[in-house]
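Values quoted throughout were computed directly from the atomic coordinates according to the rules given, and no laboratory measurement underlies them. All of these numbers come straight from a predicted model, not from anything done at the bench. FYI the Cβ positions are ideal-geometry reconstructions off the backbone, even for glycines, and counts take in every protein chain you see.
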Amino acid sequence: MTRQFPHRHAGHCESGTVSALLRDRGLDLSEPMVFGIGGGVFFVYIPYVKMGGIPLIAYRGAPGSIIKLCFKRLGITTRRLRFRDEDKGMTALDGLLESGESIGLRTSVFWLPYFPPEMRFQFNAHHLVAYGKEGNDYLLSDPVFEFPVKCPSDDLKRCRFSKGLFAPKGFLFYPAQMPRNVDLKAAVRQGIRFTCSRMLGFIPFLGVRGIRFLARHIKKWPDKYGREKALVNVGSVVRMQEEIGTGGGGFRFMYTAFLQEAHKLLGVNAIGEAADMMSDTGDKWREFAVLGAKACKGRETCDDVFDELSKQMRALADREEKIFTLLKATV
Amino acid sequence: MKAKDVPQEMSQIGDGNRRACYAQDEHGNYVVVRSIGWHVEDVVNAQAHVEIDRAIESARLEVLSGVSSPLKYHMLRRQMTVGLLAATTGFWRFTVSRHLKLKVFDKLGRPTLERYADCLRMTIDELKRVPATQVADDKRA
């Protein structure tokens with residue numbers, strides 16, 4: 001029961017998975033579209049929550065939120081299952097694949113055999129699509145890879161039932177029923193409004209205020225943690241931004257792609273303007289990453305590199321505030 | 001970012017894997033452009049691995065000097081913490097912590113060792129040993 005799957009290379013695993021599941025059911029939405037409708041860009045900095053000794057920093061919402069919000073806004077009913085029993089979870093997956101469904105899975109990345117060893121971390125919120133089984137191998141469409149891959153059943157089981165933070169518990173999901181017609185315009189508007197209010201919210205750890213908060217703290221890191229640890233922290237900021245499947249610039253470029261599509265769909269000029277501004281902002285985030293990496297490598301030895309990073313970050317916050325205020329006023 | 005500015009620097013992603021980036025084509029529209037790597041990613045990735053490798057190496061020395069059990073070395077090699085290993089094996093954290101001491105580990109029975117070996121994906125023989133010299137640990141799996 002091998003079949004062709006419309007695999008497409010994506011920047012981010014979660015939006016790529018949702019986009020692939022919809023495409024397989026005849027609704028061709030690009031990855032940026034899914035990303036934008038499902039929540040879009042964000043920023044989180046919570047210094048009191050540490051992951052592996054490093055303050056929590058994220059450029060997007062919580063894992064699973066894109067899935068939930070995107071399906072909801074498009075009016076698509078989904079089936080979502082978790083399993084206590086590992087074997088039952090695998091049997092259920094087999095049954096669904098047998099009936100020809102493509103299934104979204106949440107997995108750990110550490111035990112996936114096709115991941116290069118350098119990219120393996122104990123991280124439990126990776127998403128991918130299973131679309132078939134050949135003997136003992138599952139046929140997977142992992143959106144962050146260029147081509148479909150295969151994974152032996154034992155490895156996949158380990159990944160689906162890994163423990164720890166965000167333990168997937170065999171989580172699988174798929175659209176159970178596709179609506180006849182989707183009100184894409186309304187969904188896009190909803191998505192943009194949601195991102196605006198989230199980015200411009202008043203909670204100091206989140207959105208634009210979160211970026212400013214981090215900008216203030218980055219300056220103090222060398223005094224607080226010592227230079228070496230401070231650089232490890234800077235490195236992790238950059239890693240979250242560029243390395244963890246963001247499509248570059250901490251999702252900002254992907255969001256630009258979404259705004260461009262939204263501009264075409266809704267015909268609101270302000271959205272096009274915001275897209276251009278977002279594109280520039282993405283470039284500035286990249287500059288921030290370059291400077292951060294330089295600091296980590298020890299090339300930038302002057303004392304005020306942390307000041308400079310902080311200054312750049314504050315400028316980024318100002319830019320994003322402007323963009324989302326503009327969007328909020330017009331959408 | 002323009003499509004021609006997407007960095008194409010051979011890096012650790014390696015093995016012909018490419019990453020999808022979003023960048024502008026000649027008409028200014030954002031499309032997926034594949035990248036083989038960027039030095040910035042390499043720098044921060046290497047930094048993260050240095051931290052991990054340092055912990056693994058110091059565990060290896062502790063094992064050789066008879067303080068810690070090989071379990072600690074293999075746990076760190078799998079990038080696990082006591083909490084994660086406990087959740088995976090179903091032992092209590094307290095129990096796992098005890099098993100990290102060589103004296104306790106040496107007395108463990110076969111079923112216990114099997115459980116660890118299975119969760120760390122190795123044989124019992126492998127679980128009981130550590131390499132005599134530092135391993136350039138790019139073969140983590």
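Brief remarks follow.
- Largest first, the extents of the alpha carbon coordinates of the protein assembly as shown on the three principal axes equal 72, 62, 39 Å.
- Charge tally around A:ASP94: other residues with Cβ under 15 Å, Lys/Arg +1 each, Asp/Glu -1 each, net -4.
- Residue exposure sequence - B:THR123, B:THR89, B:THR133 - by fewest surrounding Cβ within 10 Å: B:THR133, B:THR123, B:THR89
- Cα long-axis angle, helix A:13-24 against chain A (0 to 90 degrees, to the nearest 10): 40 degrees
- In loop segments of region B:36-141 as defined by DSSP, there are no GluC sites (Glu not before Pro) with at most 12 further C-beta atoms inside 10 Å of their C-beta.
- Annotation for A:ASP94 and B:ARG115: the two label points, set 7 Å from Cα along the Cα-Cβ direction, are 2.7 nm apart.
- Scalar couplings 3J(HN,Hα) for region A:115-128, obtained by applying the Karplus form with A = 6.51, B = -1.76, C = 1.60 to θ = phi - 60°, are 6, x, x, 5, 9, 7, 9, 6, 10, 9, 10, 8, 10, 7 Hz; x denotes Gly and Pro.
- Couplings 3J(HN,Hα) of region A:255-260, computed from phi: 5, 4, 4, 5, 4, 4 Hz, in residue order, whole Hz [Karplus 6.51 cos²θ - 1.76 cosθ + 1.60, θ = phi - 60°; x for Gly and Pro].
- Separation between Cα centres of region A:109-153 and region A:196-269, rounded to whole Å: 28 Å
- For chain B, calculated [θ]222 nm from helices alone, where every DSSP H run of n ≥ 4 adds -39500 (n - 2.57): -14000 deg cm²/dmol
- Region A:156-214: chymotrypsin sites (Phe, Trp or Tyr not before Pro) in DSSP coil with no more than 15 other Cβ atoms inside 10 Å: A:PHE202
- When chain A is treated as a GNM with alpha-carbon contacts under 10 Å, the residue of A:TYR59, A:TYR138, A:TYR255 showing the greatest mean-square fluctuation is A:TYR138.
- With neighbours defined as other Cβ atoms within 10 Å of a residue's Cβ, the residues A:ARG160, A:ARG212, A:ARG106 order from fewest to most as A:ARG212, A:ARG160, A:ARG106.
- Among A:HIS126, A:HIS7, B:HIS39, the ranking by other beta carbons within 10 Å of each residue's beta carbon, starting with the fewest, stands as B:HIS39, A:HIS7, A:HIS126.
- Of the DSSP H helices in chain B, those with a Cα length along their own long axis of 27 Å or more and a mean Kyte-Doolittle hydropathy reaching 0.0 comprise B:39-64.
- Scanning chain B for trypsin sites (Lys or Arg not before Pro) in DSSP loops with at most 10 neighbouring Cβ atoms within 10 Å leaves B:1-106 as the longest stretch between them.
- Between A:MET313, A:THR77, A:MET33, the Cα set farthest toward the positive side of the dipole of the protein assembly as shown (charges on each charged residue's Cβ, about the Cα centre) is that of A:THR77.
- Spacing of the modelled spin labels on A:GLU287 and B:VAL67, each 7 Å from Cα toward Cβ, amounts to 4.8 nm.
- Degrees separating the helix A:86-98 axis from the principal Cα axis of chain A, which is the longest one: 70 degrees
- Rounded if a/c under 1.5, otherwise prolate or oblate - region B:24-113, Cα gyration tensor axes: prolate
- Length gained on full extension, A:ASP223 to A:ASN269, computed as 0.36 nm times the residue gap minus the Cα-Cα distance: 11.9 nm.
- FRET efficiency, B:ILE36 to A:GLN4 (Cβ-Cβ, R0 25 Å, nearest 0.05): 0.40
- Three-way shape label, region A:1-124, alpha-carbon gyration tensor, a/c 1.5: oblate
- CD proxy at 222 nm, helix term only [per DSSP H run n ≥ 4: -39500 (n - 2.57); per residue of chain A; nearest 500]: -16500 deg cm²/dmol
- Overall, chain A carries a charge dipole of about 1080 debye about its Cα centre when +1 sits on the Cβ of Lys and Arg and -1 on the Cβ of Asp and Glu, all other atoms neutral.
- Note on B:ASN29 and A:ALA176: with the Förster distance fixed at 41 Å, the Cβ-Cβ geometry gives a FRET efficiency of about 0.75.
- For chain A, the longest principal axis of the C-alpha atoms and the axis of helix A:207-225 are separated by about 60°.
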